[in-house]
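Working notes, beginning with the structure itself.
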Amino acid sequence: MIYLLVGDDWVSRQEFIESLKLGDDVESYDGEDLQEWQVADIFNSLTLFSSKRTVFINQPSKDEAVWRAIGDWLGQADDVDVILIESSVDKRTKTYKELKKTATIKEFTPWRDYQRQEAMKWLKSYLAKKKLEIDSDLLNLMIDRAGVVSSSGKPVIDKGLLYSAVNSLSCLDKAIDREAIDAVMPKNGYDSVFNLLEMAINGRSEDVHQKITNLRTTEDVYQVTGLLSSQVFNLIAIYRAQKAGIRSDELAKILAIHPYVLSQLTPLVNKLDQNRLNEILDNFINMDRSIKSSQIEPWSAVEMALVTMVHERL
């Protein structure tokens, strides 16, 4: 049997693998280290010690020759379970098209930020499994802290962070409080970016400078700019929706974001008018141009855009 498991949600992927009835003779390969000639051995070789083999190949499409060879040998996997693990895969390739015909393909994509309720449901279930009790405020805090930026630049909720945090909390010999959550789930870039935008809108230039200084050492500047741009887009959309009389629940569906995220941004929008929003948008367009043209160091461009927002408020 051939399986192609695609996506960055490693927790759900592992749960799926554990549900399979696989052979007890297990081999693992990294696609970047695998040689083309080894593919034939993987699909053809028999073992003397068990009736069926299980072979894991991580990121096989990294090597074009290996990926192509896998497509050529798919029909020979009679006595082996081959599990191909990919973060993403080019669906235009011949091998992927062959896999669609012969393999079981599963996608394990992280929750998007608008799937907060689904993430909350899973978190409550896993906490119950570990016999842990947490109040609603701390549950929301954990979901907030699990917000990250995916490799494609989209805000997502990282199930792996929640999984690891719950396992760590289960080792504590005291009641779970804010201090415990802070210990196992420190503030992340997603939280920091929201705070950064809030500081700039409220005219707190010193706080903006200090936050940028801290983020320089912990976060990727391009992920931060992506999140900031997304937040600015949402601010403008909320402002226009309010003027058009669109309800917040309807807007959440249109923007594909959770109402909770919308509720965090709405107080900021209420402090802005059309002129101020236009100025903010212009700042971010100029920031983007400066970064793409390499006119200025990226972090400096981010700080300049935010500090300009502060000065425009004064």
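Annotations for the structure displayed:
- Test: residue in the stretch 213-236 that is in contact (Cβ under 8 Å) with a residue 40 or more places away in the chain and among the aromatic types (Phe, Trp, Tyr): yes
- Exactly one residue out of Leu251, Leu268 is closer than 26 Å to Arg145 by Cβ, in contact (Cβ under 8 Å) with a residue 24 or more places away in the chain and assigned to a helix (DSSP H, G or I): that is Leu268.
- Flag if Val166 is outside the structural domain of Val232 (by TED's automatic domain parsing) and either of a type in the set (Ser, Thr, Tyr) or in contact with a helix residue (DSSP H, G or I) (Cβ under 6 Å, 6 or more places away or on another chain) (or both): yes
- Against the list (1) part of a helix (DSSP H, G or I); (2) within 28 Å of the chain's Cα centre (by Cα); (3) in contact (Cβ under 8 Å) with a residue 60 or more places away in the chain; (4) surrounded by fewer than 18 Cβ atoms within 10 Å (Cβ to Cβ), the condition Leu74 fails is (2).
- Residues that are over 28 Å from Lys253 (Cβ atoms) and exposed (fewer than 14 other Cβ atoms within 10 Å of the Cβ), drawn from the stretch 112-144: Ala128, Lys129, Lys130, Lys131, Glu133, Asp135
- Filter result (aromatic (Phe, Trp, Tyr) and either modelled with pLDDT under 90 or closer than 16 Å to Leu34 by Cβ (or both)) within the stretch 55-104: Phe56, Trp67, Trp73
- Lone qualifier among Val224, Val232 - being part of a helix (DSSP H, G or I), at pLDDT below 85, over 25 Å from Asp137 (Cβ atoms) and of a type outside the set (Gly, Ala, Ser): Val224
- Ala40 part of a helix (DSSP H, G or I), at pLDDT 85 or above and buried (at least 17 other Cβ atoms within 10 Å of the Cβ): no
- When Glu107, Glu118 are checked against the criterion of being in contact with a strand residue (DSSP E or B) (Cβ under 8 Å, 6 or more places away or on another chain), free of Cβ contacts under 8 Å to residues at least 24 places away in the same chain and either farther than 28 Å from Asp41 by Cβ or in the same structural domain as Leu255 (by TED's automatic domain parsing) (or both), a single residue qualifies: Glu118.
- Among the residues listed as Gly245, Gly226, the single one being within 18 Å of Leu196 (Cβ to Cβ), of a type outside the set (D, E, K, R) and outside the structural domain of Ala119 (by TED's automatic domain parsing): Gly226
- Being at pLDDT below 80 and not charged (D, E, K, R) is true of Val193.
- Residue tally, condition farther than 30 Å from Val66 by Cβ and part of a helix (DSSP H, G or I), over the stretch 85-138: 20
- Test: residue in the stretch 8-30 that is farther than 29 Å from Leu161 by Cα and without any contact (Cβ under 8 Å) to a residue 24 or more places away in the chain: no
- Verdict on Ile176 being touching a residue at least 24 places away in the same chain (Cβ under 8 Å) and more than 19 Å from the chain's Cα centre (by Cα): yes
- Val310 assigned to a helix (DSSP H, G or I), touching a Gly at 6+ places or on another chain (Cβ under 8 Å) and more than 30 Å from Ser136 (Cβ to Cβ): yes
The values are calculated or read from the model by the stated rules, or taken from the named source; none is laboratory data. None of these values were measured; they are calculated from a predicted model. In this analysis, Cβ positions are derived from the backbone assuming ideal geometry, glycine residues included, and neighbour counts consider all displayed protein chains.
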